Amino acid sequence: MLFRSLHLIMARSFPCAKVIEWPVCPDGPDYRIPVMSLPLAMQTFSEPSIPGRVPYLIPDADRARYWQEQLTATRAKSVGLVWRGNPEHDNNHNRSASLTDLLPLLAAHESIQFVTLQKGLTDAERIALSNYSNARILDGELTNFDETAAVMSNLDIVISVDTAPAHLAGALGKPTLILLPFSGEWRWMVERADSPWYPTARLFRQKSIGNWAEVVSNINAVLAEWAFTP
């Protein structure tokens, strides 16, 4: 069972599966299993046994072409940005940054087009972004994960805090730079900069609680090297 926002991309990516929207629970299945019990059922008992082949999600080809036209710019490279997660998440105050934390990236790389993948922009955020000619604001156009995936398919890199778009980018096989708080969730393990689930992701961890400046500085260095690579 899936939330409606995931229905389209999951149905397309897994055509042999019947996707049922939450909260419908049909009668008659032979087995039911919670998603967090799948590793045990699939005997994923070690890191090498984790299926890390990407991409395994497929964006809509028509929508991808649409966004290719919409995002065409004079700037040669495009980067997606997500700086905060769902405010109803219990740990959102730790895992989320602010737009102000990420603005040094826009200021330092005028040759890169930065595309906001953040939902629910505030008026203050819109005003701040309007000061940067290399910022492309998306918000209400991102109606579901399928639409966001179509946008991501046209980006070179996605930069995100630990929230749903980071996982979407990883599942699409998109190069993804993930900002992690000082005490990250279990899935990111500890003291490592990669992820066995998302081989195209790089992890950037806070060295002290609430210190996003060092994380952004490290990402800035990566972008500086990448932006000048032919």
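Residues are listed down the side, and each one gets a yes or a no for (1) open to solvent by less than 60 Å² (accessible area, probe 1.4 Å); (2) over 15 Å from residue 160 (Cα atoms); (3) in a helix (DSSP H, G or I):
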position: 187; (1), (2), (3): no, yes, yes
position: 210; (1), (2), (3): yes, yes, no
position: 213; (1), (2), (3): no, no, yes
position: 217; (1), (2), (3): no, no, yes
Exercise. Taking into account only those residues within the stretch 142-160 that are under 12 Å from residue 82 (Cα atoms) and not hydrophobic (A, V, I, L, M, F, W, C), which is surrounded by the fewest Cβ atoms within 10 Å (Cβ to Cβ)?
Worked result: 160
Seminar exercise, completed: Restricting attention to the stretch 20-51, the residues that are part of a loop (DSSP other than H, G, I, E, B) and either exposed (fewer than 12 other Cβ atoms within 10 Å of the Cβ) or modelled with pLDDT of 85 or more (or both) number exactly 20
Exercise. Is it true that residue 36 is over 30 Å from residue 139 (Cα atoms) and of a type outside the set (Lys, Arg)?
Worked result: yes
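For the stretch 58-131, give me every one of the helices (runs of 4 or more DSSP H) that falls completely inside it and has 3 or more residues that are without any contact (Cβ under 8 Å) to a residue 12 or more places away in the chain and either out of contact with any His (no Cβ under 9 Å at 6 or more places or on another chain) or surrounded by 13 or more Cβ atoms within 10 Å (Cβ to Cβ) (or both). It would help to see each step written out before you state the result.
Values: elements: 61-70, 92-95, 99-108, 123-129.
Once the helices (runs of 4 or more DSSP H) in the stretch 58-131 are filtered for at least 3 residues that are without any contact (Cβ under 8 Å) to a residue 12 or more places away in the chain and either out of contact with any His (no Cβ under 9 Å at 6 or more places or on another chain) or surrounded by 13 or more Cβ atoms within 10 Å (Cβ to Cβ) (or both), what remains is 61-70, 123-129.
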Problem set entry | Within the stretch 191-208, considering residues that are under 20 Å from the mean Cα position of the chain (by Cα) and open to solvent by 40 Å² or more (accessible area, probe 1.4 Å), the one nearest to residue 47 (Cα to Cα) | 197
For this session: Hey, can you tell me all the residues within the stretch 132-168 that are assigned to a strand (DSSP E or B) and among the charged types (D, E, K, R)?
Result: 136
Exercise. Quick check, is residue 139 open to solvent by 60 Å² or more (accessible area, probe 1.4 Å), of a type in the set (Asp, Glu) and closer than 26 Å to residue 215 by Cβ?
Worked result: no
For this session: Please verify whether the stretch 161-182 includes one or more residues that are touching a Pro at 6+ places or on another chain (Cβ under 6 Å) and either in contact (Cβ under 8 Å) with a residue 24 or more places away in the chain or open to solvent by less than 20 Å² (accessible area, probe 1.4 Å) (or both).
Result: yes
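Right, residue 71: closer than 24 Å to residue 137 by Cα, under 21 Å from the mean Cα position of the chain (by Cα) and hydrophobic (A, V, I, L, M, F, W, C) or not?
Taking the combined requirement at face value, the residue satisfies it.
The values are calculated or read from the model by the stated rules, or taken from the named source; none is laboratory data. The structure displayed is predicted, hence computed values, not measured ones. So basically every Cβ, Gly included, is an ideal-geometry build from the backbone, and we count neighbours across all protein chains shown. Just the protein is used for accessible areas: all its heavy atoms, side chains included, with ligands, DNA and RNA removed. Shrake-Rupley method; radii C 1.70, N 1.55, O 1.52, S 1.80 Å.
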